[in-house]
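Student: First, the structure itself, so that you have it in front of you.
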Amino acid sequence: MESQATISRPPTPGEILRDRVFRGTTMGFAWFIIFLVVLIVWQIGFTAAPSVQEHGVKPLTSGKWDGKENFGILPEIVGTLYSSILGVAIGAFFAIAVAIFLTQDFLRPKLEVIVKNVVELLAAIPSVVYGLWGVFVLIPVIRPACDWLHDHLGWVPFFDTRLSSLGLLPAALVLAIMVMPTITAISRDSIASVPPKLREASFGLGATLWETILAVILPTASRGIWGSIILAFGRALGETMALAMLAGSASEIHWSVFAPVNTLAALVANKYPEASRPEMGALMYAALVLLAITLIVNVLGTLITQRALVKGVR
């Protein structure tokens with residue numbers, strides 16, 4: 001009885017104080033993060049306000065940028081979305097494949113640990129190193145294949161130009177490698193959290209291993225997989241250095257994956273150091289558009305994951 005009374009004693013004033021201090025501290029940090037985000041958005045919006053008032057929505061529909069009177073960013077918007085979608089699509093395919101192999105006993109435990117650590121180490125490589133690797137290693141390797149595709153399938157809009165040096169495809173491939181660790185880690189945890197009884201029940205009904213993976217495990221883990229893809233897409237939208245070094249900084253709209261393009265983040269990074277006051281406002285306008293695109297992507301990602309959850313419950 002005495003031990004039970006000791007265990008169930010009410011908290012002491014010191015414990016109550018520590019609990020209130022902990023709650024207050026965590027709440028303070030949470031509000032500080034919100035304040036920091038609002039401050040960043042307000043500062044960018046304040047700097048971009050003169051450009052927004054002067055040009056309105058014209059930069060969103062124009063492709064001419066001369067740094068004086070014309071500040072069109074439509075090619076950069078298209079380039080940002082195009083490179084991010086292509087890079088995340090390529091990266092998601094390989095990342096989900098790696099996650100499957102790491103969770104479905106395809107590899108020996110020691111080899112599984114090695115592959116897992118190697119994939120995670122990809123996230124620690126600076127983007128400028130990826131850019132240099134893309135320029136000096138990746139582009140020379142893929143150029144013969146790109147030339148063959150142009151020579152034999154040049155009538156296809158995606159291959160109607162040659163890969164001269166920099167271009168969308170090298171940037172998208174490097175971007176795919178950069179987002180792989182994020183998609184792999186979250187997808188691996190989602191797949192590993194699928195109840196083993198579902199897997200065993202599928203085998204009991206006569207399904208093969210790949211039928212179980214494709215029809216049972218992946219649909220069950222789809223919410224986490226979709227979340228990882230959306231998170232990687234948000235990161236891809238804001239990637240700067242690697243794309244600035246590989247995309248080509250061409251303010252033109254091309255559908256060919258071999259043509260040079262430009263992105264909003266690369267535009268800001270390249271022109272910011274020498275920007276005049278009017279151009280500075282236009283660059284902040286571009287940054288504001290990039291923030292809006294990222295916000296829309298996050299909202300759509302939340303809606304997709306919630307819809308997937310509702311379907312899974314049904």
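The values are calculated or read from the model by the stated rules, or taken from the named source; none is laboratory data. These numbers come from a predicted model, not from an experiment. For neighbour counting, all protein chains shown are included, and Cβ atoms are generated from backbone atoms with ideal geometry for every residue, glycine included. The accessibility values were calculated without ligands, DNA or RNA, using every heavy atom of the protein model including side chains. Shrake-Rupley method; radii C 1.70, N 1.55, O 1.52, S 1.80 Å.
Student: Among all residue pairs at least 6 apart or on different chains, which show Cβ distances below 6 Å where the first residue, located in the range 275-286, is among the polar types (S, T, N, Q) and the second is open to solvent by 20 Å² or more (accessible area, probe 1.4 Å)?
Tutor: Short answer, once both residue conditions are applied: none.
Student: I'm told residue 233 meets every condition in (1) part of a helix (DSSP H, G or I); (2) surrounded by fewer than 20 Cβ atoms within 10 Å (Cβ to Cβ); (3) touching a residue at least 12 places away in the same chain (Cβ under 8 Å) except one. Can you identify the failing condition by its number?
Tutor: Exception for residue 233: condition (2).
Student: So, one more: Got a sec? Which helices (runs of 4 or more DSSP H) wholly within the range 1-73 have at least 1 residues that are surrounded by 12 or more Cβ atoms within 10 Å (Cβ to Cβ) and not polar (S, T, N, Q)?
Tutor: 13-55, 58-61
Student: Restrict the check to the range 202-224 and report whether at least one residue is crowded, with 17+ Cβ neighbours inside 10 Å, closer than 26 Å to residue 173 by Cβ, within 15 Å of the chain's Cα centre (by Cα) and of a type outside the set (S, T, N, Q).
Tutor: Yes, the conditions are met somewhere in the range 202-224.
Student: When residues of the range 238-255 are filtered for being under 14 Å from the mean Cα position of the chain (by Cα), buried (at least 21 other Cβ atoms within 10 Å of the Cβ) and assigned to a helix (DSSP H, G or I), how many remain?
Tutor: Within the range 238-255, residues that are under 14 Å from the mean Cα position of the chain (by Cα), buried (at least 21 other Cβ atoms within 10 Å of the Cβ) and assigned to a helix (DSSP H, G or I) number 2.
Student: What is the number of the single condition among (1) under 21 Å from the mean Cα position of the chain (by Cα); (2) farther than 28 Å from residue 158 by Cβ that residue 276 does not meet?
Tutor: (1)
Student: Of the numbered conditions (1) part of a helix (DSSP H, G or I); (2) in contact with a helix residue (DSSP H, G or I) (Cβ under 6 Å, 6 or more places away or on another chain); (3) at pLDDT 90 or above, residue 258 satisfies every one except a single condition; which is it?
Tutor: (1)
Student: Which residue pairs have Cβ atoms closer than 6 Å, lie 6 or more positions apart in sequence or on different chains, and pair a first residue in the range 207-229 that is without any contact (Cβ under 8 Å) to a residue 60 or more places away in the chain with a second residue that is surrounded by 17 or more Cβ atoms within 10 Å (Cβ to Cβ) and assigned to a loop (DSSP other than H, G, I, E, B)?
Tutor: If the second residue must be surrounded by 17 or more Cβ atoms within 10 Å (Cβ to Cβ) and assigned to a loop (DSSP other than H, G, I, E, B), the pairs left are 221/194.
Student: Output yes when any residue across the range 103-113 is farther than 26 Å from residue 248 by Cα, without any contact (Cβ under 8 Å) to a residue 40 or more places away in the chain and touching a Leu at 6+ places or on another chain (Cβ under 6 Å), and no when none is.
Tutor: There is at least one residue in the range 103-113 that is farther than 26 Å from residue 248 by Cα, without any contact (Cβ under 8 Å) to a residue 40 or more places away in the chain and touching a Leu at 6+ places or on another chain (Cβ under 6 Å).
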